[in-house]
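Undergrad: There's a structure below that I have some questions on.
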Amino acid sequence: MDRFEAPNLLWLLVLVVAIPLARMAWARVPVISFSALDASQELRPSWRGRIAFLPGLLMVLAMASLVLAVARPQNVEGQTRISTEGVAIEMIIDRSASMTAPMMHEGDRLTRFEVVKRVFAQFVNGDGGALDGRKGDMIGLIVFAGFADTVCPLVRSYGVLTDLALNTQPAPPSMPEGGTAIGDALALAAARLQTAEEQIQRLNNKSDEPPEFTIKSKVIILLTDGEHNRGDVLPLEAAEKARDWGIKVYTIGIGGTGGVVYIPGNTPGSRMPIRDRVDERTLSAIAEMTGGVYWNARNAQALKQVYAELGELEQTNIGTVEYTRVEERFQPYAIGSGLFLAFSLLLSSTILRRLP
């Protein structure tokens, strides 16, 4: 949309046109006396006479252009953008062999890992019930057993995220993937969140437009059914780093009955017993250190309730931002005024110069 910043100055255009017209109307017409009309008929106007009006016309155009420039023509673009002040979430899921222990979910006998994946997808997309789904957040997924691995980077489009999550498989009980590297996974998630925040800040600083997404809070959700026994980083060391970076860690222990559960063995049809124990002391310490909360989810329904509570604790603000981009367009009129004035003076002082 085009507009003038000072439209009240445009009335000066009336004076710019009216003054020269008034001068022409009131000017006295030169008279030359001839002794006979036959002599006057032989006079023909010269080319200089034909263009004698140009300096005056150029002066009028110069003044009109100057008035337009002073009125400041502008191009204005008003836009409305969706602005999200959301949560950056790194989901960490234990995929060690113990996660293949059986668990019921909606009448089906599944593994813990399969239940965790399905409930995570419902947490992201909603289930039409207690879980409303996340809207506008950045969510990434890290899985771990003996080492941590990024399944999906932080994204705001959840289709790929949930597809990758549902297609992830638990680690076999054999080496080298066996074990539970809680500290390494937590350190990796914290580093991912810190890098993402720095990238978003750099992008926002490069643009004059309101940011489409800003990080309201940084959150890690750590889910495991075991104890840390592998990796280079201790869980509490990783938690300290997360705390220093302003990252909350919510921890979830799944299972942990204290008894024995059976998981598939290394050969088809075989089973092997393992102790069902969650290191609740460490998980509670991680959550307390970073300002999060620890839950123990004994079954699938309890896990869904945990995610529902998480949704209440970490909420996203989505709103609209109206902004206006203004582009000044007075420069061509200012330049034109100067050119018209210069050309008028040039003609008046050279080929159209008048002698007294």
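Undergrad: Please get the size of the charge dipole for segment 143-200, origin at its Cα centre, with Cβ charges of +1 on Lys and Arg and -1 on Asp and Glu, quoted in debye to the nearest 20.
TA: 100
Undergrad: Going highest first, how would you order 283-291, 54-62 by mean Cβ packing within 10 Å?
TA: Ranked from most to least packed, the peptides come out as 283-291, 54-62.
Undergrad: With unit charges on the beta carbons (Lys and Arg positive, Asp and Glu negative) and the dipole taken about the Cα centre of segment 80-321, which residue among Gly292, Phe113, Ala187 sits farthest to the positive side?
TA: Farthest towards the positive end: Phe113.
Undergrad: Going by amide H atoms built from the backbone, whose H comes under 5 Å of the H on Met103, apart from near neighbours?
TA: Those lying under 5 Å, H to H, from Met103 are Leu110, Thr111, Arg112.
Undergrad: Hey, can you grab everything whose amide H is under 5 Å from the amide H of Thr180? Only 5+ residues off in sequence or another chain; H modelled, so Pro and N-termini drop out.
TA: Result for Thr180 returns Asn229, Arg230.
Undergrad: Rounded, prolate or oblate: pick one for segment 78-164, where a ≥ b ≥ c are the square roots of the eigenvalues of its C-alpha gyration tensor, a/c under 1.5 means rounded, and failing that, prolate if a/b is larger than b/c, else oblate.
TA: Here segment 78-164 falls in the oblate category.
Undergrad: What's the whole-number percent of alpha carbon pairs in segment 80-321 lying beyond 23 angstrom?
TA: The proportion of pairs with Cα distances above 23 Å equals 47 percent.
Undergrad: While we're on this one: Got a sec to turn the phi values of segment 335-345 into Karplus ³J(HN,Hα) couplings, 6.51 cos²θ - 1.76 cosθ + 1.60 with θ = phi - 60°, whole Hz, x for Gly and Pro?
TA: 5, x, 4, x, 5, 4, 5, 5, 5, 4, 5
Undergrad: Let me ask something else. Please list, ordered by chain and number, the residues whose modelled amide H lies under 5 Å from the amide H of Gly126; skip anything fewer than 5 residues away on the same chain.
TA: Hits under the 5 Å cutoff: Gly133, Arg134.
Laboratory data are not the source of any read-out in this text; all were calculated from the coordinates shown. Note that the structure is a prediction, hence the values are computed from the model and not measured. Heads up, the Cβs are rebuilt from the backbone with ideal geometry, glycines too, and the neighbour counts pull from every protein chain shown.
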